[in-house]
Structure formats: C-alpha cells, structure tokens
1. Loop-only check: which trypsin sites (Lys or Arg not before Pro) in segment 804-872 are DSSP coil with at most 13 other Cβ within 10 angstrom?
2. Please compute the alpha carbon radius of gyration of segment 431-470, then divide it by the globular-protein estimate 2.2 N^0.38 Å. Two decimals is fine.
3. Amide H of Lys195 versus every other amide H placed in the peptide plane: which residues, excluding those fewer than 5 positions away on the same chain, fall under 5 Å?
4. At 20 °C and a viscosity of 1.002 mPa s, what translational diffusion coefficient does Stokes-Einstein give for segment 455-554, taking Rh as the Kirkwood radius over Cα pairs? Give it in µm²/s as a whole number.
5. Toward the positive end of the charge dipole of the chain, about the Cα centre and with charges on Cβ (Lys, Arg +1; Asp, Glu -1), which of Ala579, Thr374, Ala702 goes farthest?
6. Measure nothing fancy, just the Cα-based angle from helix 510-523's long axis to the longest principal axis of the chain, in degrees from 0 to 90, nearest 10.
7. For segment 602-683, what number results from the quotient of the Cα radius of gyration and 2.2 N^0.38 Å?
8. List the pairs from Lys51/Lys158; Lys460/Lys747; Lys286/Lys375 whose alpha-carbon separation is above 29 Å, in the order I gave them.
Amino acid sequence: MMYKQQHVDHFIGRTQEIDTFTHWLADPSAPWILYIHDALEEADKKGGVGKTRLIRRCADLTRQTNPYMAVVMVDFFNTADRDRVFLAEKIIANLQELYPHWSPSAFTEAVQQYRTEGRYSSDQSSADSDEMQTREAISTALAQDLRLLNTYLIQENKTLLIFFDTFEVIEQTPTVASLRQSQTFPDNYQLEHIKVVIAGRNKLDWTHTNWRGREQEVQVMALAPFSPQETQEYVQAELIYDLPSQSAQAAALYERTEGRPIVIGLAIDVLNHGILTVEDMIAIGKNDFEAYLVPQVNKLEEPLNWAILFMAHVYHRFNMPILETILQGVEFDGFVRDINREELATKLPQLSFVRRATAGEDFVLHDEMRRLVTKYCWEIQDPGKRFRKSISHCVIDYYEQQELQTQNDQQKQTLIIETLYHRLFVDPDDGLRYFSRHFGSAIRARKRAFARLLFQEIQKFTALLSPAQLGRLQIDQAILLRIEDNATAVIETLQQLKEQADPAWYEENLPLVLMEEGKCYQRLSRLPEAANSFIQCLAMQQARGNELQCAHLLHDLGLIFLRRGQFAESLDYYERSIALYKKLGRQSEYATALNSTSFVYRLQGKIEEALRRCKIAWRIRRDLFREEKVSEDFIGFSLQTLGGIYLTASNVIEAERCFHDAYDIYQRTNNKHSIATIYNRFGQVQILKGELEGAKEWFIKAQQASKDINEDQYITSLNRQGYIYTLQQQWKEAIPFFEEAVDRARKLPDYYHQTENLIELATALHHLGSLQQVQSRLQEAEAISIREKYFNLLGQVEQMRGEIDYHAKDYPAAFLHFAAYCHDMAIYNDSEFKIAVRKVVDALLGVPESDVPSIVQKLLSYWTKEQLDTKY
C-alpha cells in the first residue's frame, strides 16, 4: 500500500483555541503573556496533545495576516535555545527582519567581544567579574539599541511576538532564558510592543518566585485532546482510505486513542503503512491500546523503523552524520545497511511524530513519542541496555569530534551537555565525573546558564545515583543556587540535605555544607550565623590540614567581623589569612587580604598604615597583571580602596585621582559592575567639595549604570540621593529614595541595607512631623538590628529616639536612649564609642543646668547596672 505524504501546512481543528489566540493578539488590553498547557492532569497523559502544532499554526497565521509583527519561535527542548545570549541574538535577528533599517550595533559588538575575546576565565580569583559582567554588558548594549527601535515600533505600531515551546524543560528555573539579571521570565527586552505565547505541559505554579503576583500579566488556555469531530477530521485528512465518521469503528478508534493527537497520528501512520487494519486496532482493549500500538513502529519499512529507534535514544537531535556514525559502530542483527540517505531524509518528516528542526539539518522526534518508544520498544527489546549503550558510545564519539572542530563557545557547551547525557546513560559513575569536571569549571568561571543546563541534564538520571552521589549533587545544587543569587533557596536545600543524608556521609562532607551556609548567610547579612558556620568549618579544615581552605575561611571571617564593627577581631583573622597565603605562595589572595586590612585600618583612623598596606597590595596586583596572572580589574580594585582611604583623610585631590584611574581601567575592561561603584565614589567626592548638585548628578549616573547590574550600588545610589536632599533640608523629596531603597533591600533580601535606609527614612519623616510612621520604621529597624546583631545601627536607632525626646525637652528619657546609644557603640568599636560619648557630652551642654546632676546620675547608674563601668 502506498504511503500518503502528510502535508506540513495542513491543520485540523482547534477552531476555538485559534479564535482565543486571535482575539488575545488583537486586544491591546489583554495580558501580554498567553500560557497554553495540557488540560489533562494525569502525568502519563500529558504531552502529545498538540501544543506544538497549535502554536506553529498560530505563528503561520500571524505571518500571513499581520505584516506588522516579527514572529520568533523558540523551543526549549533545543539546548541552544536555553542560552540567554543565543536567544537574544535569535530575537534580534527577527527584529531586523521587521525593521531592516535598524542596526543593533552596540549589541552586535558586545556579543562579538563575548564570543571571541570575552571567553570566561577559569581563574577563581577573577570569577566574580566574568559571566555576570559579560551578561550585563550585553544586556546594557541591547537596551541601548532597543531604545531607538522601541520608538520606531510605537510610531509604526509594530510588535514582536515570541512563541516559547516545551516550557516544562525550564519551568523550575525559567530565568536561565532571561538576559537581564533582575528580569523575570519572559524577558520583555524593555520593549512596549511585545507579546509572548508559552506552551508547557503543566499549569503555572503561581507560588514560584518567577510568577508570584503576576496573575494579571498572564492569560491561561488549557488545551484538551481532540474532540470526536476533530479526531474524525484528522483521520479523514490523513488516512489513505475512508473510515465513515458515524461508524462504530470510528467511535471505537476515538475511545482507544482518547483524542490524543500523538496517539491518533501514530495510529494513522501504522494504518497507512499496512501494518494493522482498523479491525486489528479496535480489537485491542482501551487499557492495552497504547502498549500495543507503539511497538508497531518496529514493523515500519526498514530503515525507517531503525531510524525511529535511534532517534528516540539519541534524544537531543538526529541527523544523517549521526546515523552514519551509529551504522559504522554498532552491530545489529538483520539490519539493512544499504540505505538511501536522501530517501530516508524525505520519509522521516512524513511521519506524524517527526519534524525537521527550525534550523540546520537535524530531525526532531516528538518528545512524547520518544518517551513512548523508550517505554514500549527499547525497554522491552533491550532490557540490559546493551544496544543503547553501543549507540551512546557512537554518539559520544561523534559529539567529541564535533567539539574539537568548533571554536564557538556556545556550540561547545551544547555538545558537552549532549555528551553528558550519553555518558550518564553508559556509566553513571563516569557521567558524574564528567559532570563534576565541567560543572566545577562553569562554577569557577561564573557561567551560570551553562552550569544550570548541566545540572538539568544530570537530574534526569538521579534514579541511577547512589545516596552519596545524590548528596554531593545536592551540594552542587546549593553552589549553583548561590551563584544564581538565590541564597534563601541554598539554606533550604542544605537543611533538606541534613535531614535526608546518611549521617556518616554528612559528617565527612560537613565542611562543604558549612562553607556554603556561611557564604549564603553572609550574602543575606545574617552575620552571626555566617560567622558560626565559618568558625565550625575552619576548625574541621584545620584538623584535616587543608591550609588553603583555612586561609579562605579566615579571610571570610575577617570580612564578617569588619562588617560587625569588631575591628580587632577582623584584623586578627585577616592577619592569619595573610600568613597562610604568604606561606602557600598565593600572591593574588595575599594582595586581596592586604587590601582588606587597609580597609580596617582606614576605619580605625590609622591612615598611614592603611595607605602602606593598600599600596603594597596595589604593587603586587600590578606585577601579577603584567605577568598575565590576574585581570586589570584587580588594579582598579586597589585604586578604588586607595581612593576611599584618601577620602577619609580629606585628601580630595588624591582620592579623585585614584577614582579616575580606577574608572579608566573599568572602562577598558568593560566592568559595568564596578563603574557604577566609581560613580557613587565621584558623588562622595563632590559632597566633600560642597558641590551638592554635582554630587546628585553622579548618584543619578550611578543609579542608571547599576540598574539590573549591581543591586548593592543601585541601593547605595538611592540612599545617597536621599541624603543630598536631607543636606538641603528637602525632607519630602528625600523620602521616595529611602522608601525605594528599603523596598529593594527587602526583596533581595539585604537586611543591612534595609535597616540602614529605614533609619534614614525615619529621620526624614521626623522632620515632617510624622511621628507615628517614625516609630514604626524605628521599631522595624530595631527588630532587624537585634536579630542580626547590627550594633552600630541599633545605636543609631537609640540615638534618634534620644534626639526626638531631646527636642521635646523630655531630657530623662532622651539621655536613657543616649546611654543605650553609647552602650551599642561600645560593643561595635572603640572609635564609634568615643564619638558617641562626645555627642552625649555635647547634648548635656544644652540641658538646663539644674537638670544636669540628675541626668548624669541616671547615666552613671545605667552604666553601672549594665556592668560597663570597668570595661568602658
């Protein structure tokens, strides 16, 4: 019986769904996202319901009827489409088709630098300034190009329409497909005229951080299987002989296929190839139908049947070179090797469950069909996986040869991911070693997207891993979440590991757990907990003789105690780390630790010692840069610290010179992250010069430069703008800046910045007479400060409460707050304690002379009661 070619432009049914799409597309008030998911709830029934065909049909109709739209198709089944930079390039290419006179020159230049000169370093010392900066540099360049395009699109009423298929692949970590760091998925690329269709198997999880609170942005469409009428239309269009629509056979066939397009299509393929008759099919019970039908692909004509089996196992993609590699490397009994490749390439896409890839010469097997073929064919015919492992060996050889031949970093990553899948299939232990090597390299180089894709791939094989391997994988997940700036999720993951892991294994790997805990607590500004984790880890690493890890931990502890204002303890940890780095010959880390101590000495007012150490660190980094052992950014970091020391010494000229030198370096290295910091520094210089308007301009530039790049400096720029308005006594104007800073810090979360800005906000509100709001903000700041042991901020809260009472002339209450202020600053550090005492003495001078003796007595009583009289 002759095979009837299926027309790829032929589409059946879905009238209601297409009408819904058409109305959504035309309605300017509709949500900008349309989400399509399977209506069926059973996991084994999801998939194969026709989402891909539907969105492709919608895309075709849009192209045919709406010349004012650029249509982009993205399929997350393809590894490359999950690469945020590749995805942005794909979208830009389609925008250029819509508007050919527009040239994205800045974006093109940034991507070119990324592809050629900007490949990531494997040096841990420069890791923090690699992937994130490259990603944000590309994002900034894209935003620059799109500003002009957005104007054109608005003027000419043109729109970008993006279709995302197979969303379930990235639904747990959708931000891997967003270019901007702070952008949720999907990225709108800062365009006003943009609409998005997403197709995935599952309902959206509105509790996921990506979707929380975004219900108004999304219109949801549940896609059910075909109706009996749509099924009959499909059968009549594709079956090579008639099957009366009202016949019992048609009804029985619908009952068995359940209206699922993937199963109906397979049934028609089997009927058209004469493998079974309709009578044969309906003789099979409904519960056994799928298990009986799928293995019939083995009876398709050779080599079509073999190609389907190969495609199901090769998984990611299939093409003629891969087929050649398999044919040469695997022995199959009775296999016909004399294959007409052109004929096979023609016949494959005629099957209902095979399509050509959107680019290149690859074929794609429907993901649901792959699952069915694996379940009902391979697992029965090859229970020991002997043949499939042989195929995987061939595919590994093919991918590794391809990797050697390509210079494109993104293509290399794709090949590594695809190789990982087959290495894991052949030998989970070998696959895990392969994963660890590339995952570790990606983490060190801050290749977040690549690391996430590797992790997604290995998750498919967790059932084959031992408890110890699963535990190590959870630690890797925590590391990945940390570099993705999801510190809260890291803490949750490590807690789960503690509860689930084997106690002996957990004890052996506890240093790794404690290290990750400490880093995340530090990121969350939960400093006591961070210190506790690092101190425990340090004791274990000392017992194991791991000196390098000890040095790293000592340096981390130095930073924590510095942030807590405990300068003596901070210096002690830093000095111990310096000794170890020097002993181990780790010059870069040695310079970093020296630089850190200079910061502490600056805060202690020991300017000469701070300058000496900072200059030594700067010279070491300069020499290392000349030897090409560190990036030039490290010289910039030293100059930035040096400028801060000169600022403290009120040497504005030298400070400004250092900041300008650092700025020149960051411009050369395109370090957007640090440029934002320098802008804030320039603002500080202008304040010292008394040029407040000039300072405000620099802080505005810092805000613009740090947006979506450096949240810490963005919050700082807001705080400084608010501060300028307070210096000008424009309290009302200051409030929005402090409020936004609080909100952003709360979302991160960054408790220190949150508390700091709550106090600034309370100060501004106080000058406007909003006493109830003032008390509310101070109470929140106090609660966080007590919990996190921010004694300097706790002291500021008490100082402000004292000032409120002082201005109200309630002197007894005021000086009790001032005493608590001195108490907190005494705990924080000696320098701030002395400043606090001086302020209290100055305040006493403004009190009526008759009240002074009783106030002094109350101060002394408080000091004695708190047992502070001997130490302070």
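The values are calculated or read from the model by the stated rules, or taken from the named source; none is laboratory data. Just so we're clear, the structure is a prediction, and the values are computed from it rather than from any experiment. Because the Cβ atoms are built from the backbone with ideal geometry, glycine has one as well, and the counts that use them run over all protein chains shown. Only protein heavy atoms, including side chains, enter the accessible area calculation; ligands, DNA and RNA are left aside. Shrake-Rupley method; radii C 1.70, N 1.55, O 1.52, S 1.80 Å.
1. Passing sites in segment 804-872 are Lys809, Lys871.
2. 1.16
3. HN-HN under 5 Å from Lys195: Leu160, Leu161, Ile162.
4. The Stokes-Einstein estimate is 153 µm²/s.
5. Working it through, the farthest residue towards the positive pole turns out to be Ala579.
6. Computed tilt is about 70 degrees.
7. 1.06
8. Where the Cα-Cα span goes over 29 Å, the pairs concerned are Lys460/Lys747.
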